[in-house]
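Read-outs: derived from the displayed coordinates by stated rules, not from any lab. Nothing here was measured: the structure is a model prediction, and the numbers come from that model. Because the Cβ atoms are built from the backbone with ideal geometry, glycine has one as well, and the counts that use them run over all protein chains shown.
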Amino acid sequence: MTDHNFEPTIIGFTCNWCSYRASDLAGTARMKYAPNVRLIRLMCSGRLDPTFVLRALSEGADGVMITGCHPGECHYIEQNYKALRRFLLLRRVLTGLGIEPERVKLVWASAAEGARFASETTAFVEEIRKLGPLNWGKDEGERRKDEEGNKNSSFIIQPSSFEKEVPA
Amino acid sequence: MTVNGSKPKFAMYWAASCGGCEIAVLNTHEKILDVDANFDVVFWPVAMDAKYKDVEAMEDGSILLTLFNGGIRNDENEHLAKLLRRKSQIMVSFGSCACEGCIPGLANLSPVGDIVHAAYNTITTDNPNEIYPRISYDVPEGELHIPKLAKVLRPLDLVVDVDCYMPGCPPESHQIAAVIDLVIKVVKGEAELPPKGSVIGAGDSTVCDECPRARNVKSIKEFKRIQDIAPVDPDLCLLEQGIPCNGPATRSGCNARCPAVGAQCIGCYGPAEGVMDYGARLITAFSSVIDANTTEEIDRILDGIPDPTGQVYRFNLAGSLLKANRDAWKVK
């Protein structure tokens, strides 16, 4: 589904010590990047409870970007590894729920990498734009109906075969 | 509590459930006599004969207590949920199915057509003519109906207002007995009902808190299925042994019955107090015990959980943040 008018809504969870400052740097350096991301500052990517991501997706976000310090550079020694593990397991769970795992992205960006933050954000927005909106209001049945056109997806199937069995 | 007549009225109904909740109520042994002594049982399809029209004829609010178990899977379930809500003063969402969807809720991962197809066309079903049920059928006596399947299974509170929740699959009998005692006290004016929306008949901590197993610093290199470990250490935390145990996210109240006898917690008591999303809490719990820092190694360890969605949402899928938040479901 490609809708060129579709502007994705992205929620970004950024680490106070690196990527939040990277976004600041991108701003003060007047770098241009996609404006679709709403940033929420956490003290560390390790603070990211997967609930935040699920809540964002369930309330209208089309994608969620999680950013943290590069491996080995965590302000709190090793919490970004916890974020990595949660992210990897969360993606598996989302896949099982029928959500494209690409809608959640993990980016490492240090405080000096404003350019990287900007380019990763733009790339992510384009990726989500290609995926289309997260049609969360619809259930699988309706979505499938959309995909298959107007094929009969009702479960009341073949009345004629039923009549064979029941003597009039 | 306003009570008309001599004894207050009691009802219990099963919607999309297995019947285990009813067994659990009967498992309270002689406590069930207290129910009979203190209540007039007016509607309980599994235990006595009663017609829906008898319930429809009752005055609104005339039933004091209704224990409603089972999720809302078809229009008959929905009708009964709304009917009993109207007729009851206290509506208890009883058991995991009514509270959060439970095992029947896992069907929400598939479109309803696939579910029906699976039921009538699996390899174990001999159905060469592809005969499927129809919603209505004309016979000389009139039109016959069977309940129509809804698109999804919904927990009870997405369909009607619920006063109290009683989790568990099924709720433990000692907890049911305690709740029966509580309601009898409420009727006699000796106690007050907890505020609306409370969870009754369960603890407010996690299964781990009640678990007798020893817990140390957890760091595991591999997730394993319990049957692949021999022998299971009888005294050590199961998660520490690499068995995905759902205890860290699950509400207490069962006395850690499964881990105590060597089986992992599967999460039937639902999310612990303050947990907004059960699966998310488990993702956090499992992630923090993994002893690996590279994507490849973490992925290898996670491969030990073959069905992550089923693992973290086994009982909670229909009540989970993502699934239950769909606007399409919110039709009260």
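Within segment B:81-93, being in a strand (DSSP E or B) and within 15 Å of B:Pro155 (Cβ to Cβ) holds for B:Met91, B:Val92, B:Ser93.
Yes/no per residue for (1) out of contact with any Ser or Thr (no Cβ under 8 Å at 6 or more places or on another chain); (2) buried (at least 20 other Cβ atoms within 10 Å of the Cβ):
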residue	(1), (2)
B:Arg251	no, yes
B:Cys265	no, yes
B:Met276	no, no
B:Ile283	yes, yes
B:Asp303	yes, no
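Does segment A:48-70 hold any residues that are within 11 Å of chain B (Cβ to nearest Cβ) and out of contact with any Ser or Thr (no Cβ under 8 Å at 6 or more places or on another chain), and which are they? I'd like the intermediate steps shown before the answer.
Looking only at segment A:48-70, we keep the residues that are within 11 Å of chain B (Cβ to nearest Cβ), and these are A:48-60.
Matches in segment A:48-70: A:Leu48, A:Thr51, A:Phe52, A:Val53, A:Arg55, A:Ala56, A:Leu57, A:Ser58, A:Glu59.
Restricting attention to helices (runs of 4 or more DSSP H) lying wholly within segment B:239-332, give those where 2 or more residues are over 30 Å from B:Leu83 (Cβ atoms) and of a type outside the set (Lys, Arg). The helices (runs of 4 or more DSSP H) meeting that bar are B:257-260, B:278-289, B:295-302, B:308-312. Per the listing B:Glu100, B:Glu22, B:Glu76, the residue uniquely in contact (Cβ under 8 Å) with a residue 12 or more places away in the chain, surrounded by fewer than 18 Cβ atoms within 10 Å (Cβ to Cβ) and among the charged types (D, E, K, R) is B:Glu76.
Determine, yes or no, whether B:Gly101 is small (Gly, Ala, Ser) and facing chain A (nearest Cβ under 9 Å).
Details: small (Gly, Ala, Ser): yes; facing chain A (nearest Cβ under 9 Å): no.
No; evaluated as a whole, the condition is false for this residue.
From (1) away from chain A (no Cβ under 14 Å); (2) within 21 Å of A:Leu97 (Cβ to Cβ); (3) in contact with a Lys or Arg (Cβ under 7 Å, 6 or more places away or on another chain), pick out the condition that doesn't hold for B:Ala249. The one condition B:Ala249 does not meet is (1).
For B:Glu78, are the conditions met, namely being part of a loop (DSSP other than H, G, I, E, B) and away from chain A (no Cβ under 13 Å)? Reasoning before the result, please.
Working: part of a loop (DSSP other than H, G, I, E, B): no; away from chain A (no Cβ under 13 Å): yes.
Answer is no for this residue.
Against the list (1) facing another protein chain (nearest Cβ under 10 Å); (2) free of Cβ contacts under 8 Å to residues at least 40 places away in the same chain, the condition B:Thr124 fails is (1).
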